[in-house]
Amino acid sequence: MKNILLFSVLIFSSLVGRAITPVGEMKRQMETLDRGLVAVKTENGVFVSWRVLGNEKDVAFNVYKNDKLLKFVSAEHATNLTDKSGNIEDRYVVKAVIKGKETDSSKEVKPWKKDYLTIQLNRPEKGMTPPHIAFIRPDKGIVREYPNGQEYTYLPKDCSIGDLDGDGEYEIIVRWDPTNQADNSCSGITGPVYLDAYKLNGKHLWRISLGKNIRAGAHYTQFLVYDFDGDGKSELVCKTAPGTVDGKGKKIVLGTDDPDKDWRNLEMIKESCGYVLNGPEYLTIFSGETGEELHTVPYEVARGEISSWGDTYGNRADRFLACVAYLDGVHPSIVMCRGYYHKTTLVAYDFAKGELVKRWTHISDVEGEGAYGQGNHNLSVADVDGDGCDEIIYGSCAINNDGTLLYRTGLGHGDAMHVSKLDPDLPGYQVWEVHEEVAGYEKYGYEMHDAKTGEILWGGPTSEDNGRGLAADIDPNHRGFEMWSADAPGVYNCKGEKISDQKPSICFRIYWDGDLQDEILNKTTISKWDGQKPVPLRTFTEAQYTSGTKAVPNISADLFGDWREEVVFCDAKDPSKLHIYTTTIPTDHRLYTLMHDPMYRLGIAWQNVGYNQPPHLGFYIGDGLENIPWPKMYTPE
């Protein structure tokens, strides 16, 4: 692997116990999942859907209804059916058939009454801040004073998923943000952030309070949920501080630090009130099963001199990102990131034998070199150079699996990015990105570049910050992905040719209707692009999107059923409820669960980070599924 050493500091730490595996022999650790059987009452009967695993290439199925064989589904057929005589009281079971013999059996399920599952949440109690002053719109000089404090309530925001207890079924992890959460550019005291875990049946497993020394806002708490130690159960890792309380009620503290000290700036100064710019910073990994602290280390890279990050009041010093990456090609590692406008840092850890073990540190703190100033409000992970190990695509640069710089395009910061097999005629992966800064957008406000080399393949200038962009395969008349953005004049095919003057919304993509193209998810409506306009397929009238103008779901992922994706929204009237929607449209296409495609699964892990972006597959399906790659994987015993 070619290493381009253009950054200021790179520190390696040896990792004991993980041998180097030849590329051809690499098998990635993936989750042990159950059949994910779901049944839904529809106007046409009962729609039944289940998953194929990534190691089940030639498996057939017997579908049982009320203990009697309903249908045999061959290894070539899609894993869904509509039972026209089905009703709400029927019971369904699916059993795998290998070489004519039944093997494992799914859980027995009864049909849902509607096409969504509701989870009742335990909404935190409202609270009151200390007296403070808040610069809520510095760009417009808007200041609010709260001499008696500010009341706040809670809303369920970004979510993640993982099998927390090892039963083969996903649980959902919810981040509760207070209603006075703040952007980094705005001063003011916020309420604390909570992280909750729930079974899909609504059972509340645990709650972590991040405490008063972790400010609430989209750029502060980036949490990862994944099985980091290969025990078959996911853990949760995030930034913590004195005042954080784990799921067992224990205060987290290192050494002689005071667990109760308040490190917030409480001075009634509009520019600085509410920021947390002093005091200890931690990184903690928690048990997904109990919420208990497993190990805590000092957070790296620490804030240090605030001005080194690009301003003096703490906005850019506390811009965080995070991801999971298979840095050795076999095991998942944790990558925690700080900074992207100027100074940029990434630190990689493995979780082994109950401890966080640092793998490497990357620091770019020299302008014009390395990753300095090249980061986005989001990131992606993929094996872009074909060595079997993942790289981190950080925006206008990429970081090798060993922590060295792979490339920088020099186009600077952006708000959106998409990585996949965008152009199936080209080798490897491509990156679609939009740019915010003048030095970038005057040349390329939008562009597609090679994910391995950073070579700009095509693009164009914009007249201002190009704040949004989306890539998805929405048009079957053009091979490959289509791409569009807020300030570009239309929809482009993967060759850079404009194919429409009209543009769809620029929020999320989703697999929903059963063909091999993407659908558009805008706010709470899924639509099909007909080449000139979106055609609505389903509007979730009970639902409320999150993240304000970003208008994204709490999470979208292939949670159960066949390979199509589910989408999760908060209830529009009751913030203590989440709805998980699933499609009931039949499909003739058979594909293993998207969660066993490593690139897609990692996309679910980073989906909640920064400005949420939708996941993408690591291969192109628009040509059909006959020659798709099957994952090289193993599952924990």
Residue count, the range 239-265, condition within 27 Å of the chain's Cα centre (by Cα) and in contact (Cβ under 8 Å) with a residue 60 or more places away in the chain, comes to 1
Within the range 574-629, how many residues are assigned by the TED database to the domain that holds Asp163 and over 25 Å from Arg338 (Cβ atoms)?
26
Among the candidates Asp574, Asp588, Asp597, residue that is surrounded by fewer than 22 Cβ atoms within 10 Å (Cβ to Cβ) and touching a residue at least 60 places away in the same chain (Cβ under 8 Å)
Asp588
For residues that are in a strand (DSSP E or B) and free of Cβ contacts under 8 Å to residues at least 40 places away in the same chain, scanning just the range 452-470, find the one that is surrounded by the most Cβ atoms within 10 Å (Cβ to Cβ).
Gly459
Could you tell me how many of the residues in the range 223-259 are assigned to a loop (DSSP other than H, G, I, E, B), under 17 Å from Gly191 (Cα atoms) and polar (S, T, N, Q)?
1
Within the range 215-265, the residues that are over 20 Å from Ser333 (Cβ atoms), of a type in the set (Asp, Glu) and surrounded by fewer than 22 Cβ atoms within 10 Å (Cβ to Cβ) are Asp257, Asp258, Asp260, Asp262
Residues of the range 347-382 classified as crowded, with 21+ Cβ neighbours inside 10 Å and either of a type in the set (Ser, Thr, Tyr) or free of Cβ contacts under 8 Å to residues at least 24 places away in the same chain (or both), total:
4
For the structure I just gave you, tell me whether Gly211 is free of Cβ contacts under 8 Å to residues at least 40 places away in the same chain, under 22 Å from Arg303 (Cα atoms) and in a loop (DSSP other than H, G, I, E, B).
yes
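Quick grid of which residues meet (1) in contact with a His (Cβ under 9 Å, 6 or more places away or on another chain); (2) in a helix (DSSP H, G or I):
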| residue | (1), (2) |
| --- | --- |
| Pro575 | no, no |
| His579 | no, no |
| Asp588 | yes, no |
| Tyr592 | no, no |
| Met595 | no, yes |
| Tyr600 | yes, yes |
| Ile604 | no, yes |
| His616 | yes, no |
| Phe619 | no, no |
Here the qualifying pairs (Cβ atoms under 6 Å; residues six or more apart or on different chains; first in the range 99-118 and assigned to a strand (DSSP E or B); second basic (Lys, Arg)) come out as Glu102/Lys95; Ser105/Lys95; Thr118/Lys577
Only one of Leu617, Leu578, Leu602 is among the hydrophobic types (A, V, I, L, M, F, W, C), within 30 Å of Lys84 (Cα to Cα) and at pLDDT 95 or above; which?
Leu578
Show the residue pairs meeting these rules: Cβ distance below 6 Å; 6+ apart or different chains; first residue within the range 267-286 and farther than 20 Å from Ala241 by Cα and assigned by the TED database to the domain that holds Asn184; second residue among the aromatic types (Phe, Trp, Tyr) and surrounded by fewer than 20 Cβ atoms within 10 Å (Cβ to Cβ).
Glu271/Tyr313
Can you find even one residue in the range 389-410 that is among the basic types (Lys, Arg), over 17 Å from Cys494 (Cβ atoms) and not in a strand (DSSP E or B)?
no
Taking the range 600-637 as the search range and keeping residues that are over 18 Å from the mean Cα position of the chain (by Cα) and either surrounded by 24 or more Cβ atoms within 10 Å (Cβ to Cβ) or among the β-branched types (Val, Ile, Thr) (or both), which one is nearest to Tyr226 (Cα to Cα)?
Thr635
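The values are calculated or read from the model by the stated rules, or taken from the named source; none is laboratory data. Everything numeric here is computed off the predicted structure, so don't read it as measured data. Don't worry about glycine lacking a Cβ; one is built from the backbone with ideal geometry, like all the others, and counts go over all protein chains shown.
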